Structures are given as C-alpha cells and as structure tokens.
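Enquirer: I am attaching a structure below and will ask some questions about it afterwards.
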Amino acid sequence: MAKRLTRKLSEVIAEVKLTLAAEYGITQEQLDALRARVDANGHSFPKGSMMLPIDLLWIDYEVQRDVIIKHIISIIKRYDPRLCSPASACTDVFDINNQKSPIMTFDGQHRTIATAVLGFDAVPCIVVETDDIQ
C-alpha cells in the first residue's frame with residue numbers, strides 16, 4: 001500500500017503565515033487587528049461540534065487540495081465565527097484527552113487554516129470514528 005501524503009496542520013499554518021508575510025505583505029500586526037475585530041463582534045462558533053486543538057489535526061492531501069493563499073486572505077478579511085462551519089475529520093479511535101492516532105481533516109482546510117492564522121488555537125470539528133481513515 002502506498003503511503004498517503006499527509007501533513008501536520010500546524011506545519012501548513014506556519015508556511016501560510018510566511019507566505020502571507022513574504023508575498024502579500026500581511027504582517028502579524030494586521031492579523032492581530034483582524035482577530036481583534038472578530039473578538040469584538042460578540043459572535044461565537046456554531047453549536048453541535050467540538051473545538052479541537054490544532055496540534056491534533058492533520059491534512060490528508062489525497063482528498064484536500066493544496067492551500068490557495070488568496071482564499072485564506074479572503075476568509076480572514078471577512079471572518080465571522082458564526083459562518084465557520086466545522087471541519088470534517090476522521091480517526092480510528094477518538095479520545096480528546098489521550099489521542100494516539102492522527103485526526104485527518106478531509107473537509108474544511110481553508111477555513112481551519114484561516115481560523116488558526118487569526119490566532120485561535122482550536123477549531124470547530126466534527127470527528128467520525130472509523131477503522132478506515134485512509
């Protein structure tokens with residue numbers, strides 16, 4: 001069986017931040033200002049999902065497209081947590097307190113990265129347990 005191309009979400013986020021700065025001139029101060037605007041609007045994330053720490057999440061590039069930086073910029077400029085649908089993810093056994101296997105996101109990469117770029121350390125997710133996370 002061929003190895004699937006997966007990457008830790010936090011690594012992709014770090015690359016996106018570097019690209020935003022280097023190619024688009026978006027500074028951490030600008031990101032902080034955008035985040036402050038989001039925090040000040042008084043809205044919260046949708047109910048019915050759970051907030052998962054970014055460090056637990058992986059991206060499966062067999063099902064997710066490559067990051068489109070302009071799409072990330074568009075999301076962060078008009079970010080509203082009420083419209084941040086939960087990312088869909090799967091893992092073999094889910095245990096938030098002792099997660100042993102990767103949690104693979106298969107939908108929601110851009111909004112998840114945008115959430116993290118704005119400084120949130122957790123993102124809304126819905127996790128499916130399955131023995132076939134590939």
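The values are calculated or read from the model by the stated rules, or taken from the named source; none is laboratory data. As the structure is a prediction and not an experimental result, all values here were calculated from the model. Don't worry about glycine lacking a Cβ; one is built from the backbone with ideal geometry, like all the others, and counts go over all protein chains shown. Please note that ligands, DNA and RNA were not included when accessible areas were found on the heavy atoms of the full protein model with its side chains. Shrake-Rupley method; radii C 1.70, N 1.55, O 1.52, S 1.80 Å.
Enquirer: Enumerate the amide H contacts of residue 60 below 5 Å, restricted to partners 5 or more residues apart or on another chain; note that Pro and chain-start residues carry no placed amide H.
Expert: Counting only residues 5 or more places away or on other chains, the set is 105.
Enquirer: What does the convex hull of the Cα atoms come to per residue for the stretch 64-134, in Å³?
Expert: Spelled out: Cα convex hull of the stretch 64-134, divided by residues, is 91 Å³.
Enquirer: Given a 1.4 angstrom probe, what's the average accessible area per residue across the chain, in square angstrom?
Expert: Spelled out: the 1.4 Å probe surface of the chain, per residue, equals 56 Å².
Enquirer: Hey, what do the phi angles of the stretch 89-95 turn into as Karplus ³J(HN,Hα) couplings, whole Hz, using 6.51/-1.76/1.60 and θ = phi - 60°, x for Gly and Pro?
Expert: Taking θ as phi minus 60°, the curve returns 9, 9, 7, 6, 9, 9, 8 Hz for the stretch 89-95.
Enquirer: Counting only C-alpha contacts under 8 Å and six or more residues apart, can you give the relative contact order of the chain as a whole percent?
Expert: Dividing the mean separation by the residue count of the chain yields 34 percent.
Enquirer: What nm value, rounded to one decimal, do you get for the distance between residue 44 and residue 129 when each label is placed 7 Å out toward the C-beta?
Expert: 2.6
Enquirer: Using DSSP, restrict attention to beta bridges with both residues in the stretch 9-134 and report what percent are antiparallel, rounded to the nearest 5.
Expert: Antiparallel bridges make up about 45 percent of those DSSP assigns within the stretch 9-134.
Enquirer: Same structure again: For the chain, what does -39500 (n - 2.57) per DSSP helix run (n ≥ 4), summed and divided by total residues, give at 222 nm, in deg cm²/dmol to the nearest 500?
Expert: So the helix-based figure for the chain works out to -11000 deg cm²/dmol.
Enquirer: Do the alpha carbons of any pairs in 8/77; 17/77; 70/100 sit beyond 23 Å of each other, and which pairs?
Expert: The answer is 8/77; 70/100.
Enquirer: Describe numerically, in nm with one decimal, the distance between label points set 7 Å from Cα along Cα→Cβ at residue 122 and at residue 21.
Expert: Modelled inter-label distance: 2.7 nm.
Enquirer: Then there's this: What's the long-distance tail for the chain, i.e. % of Cα pairs beyond 19 Å?
Expert: It works out to 49 percent of all Cα pairs.
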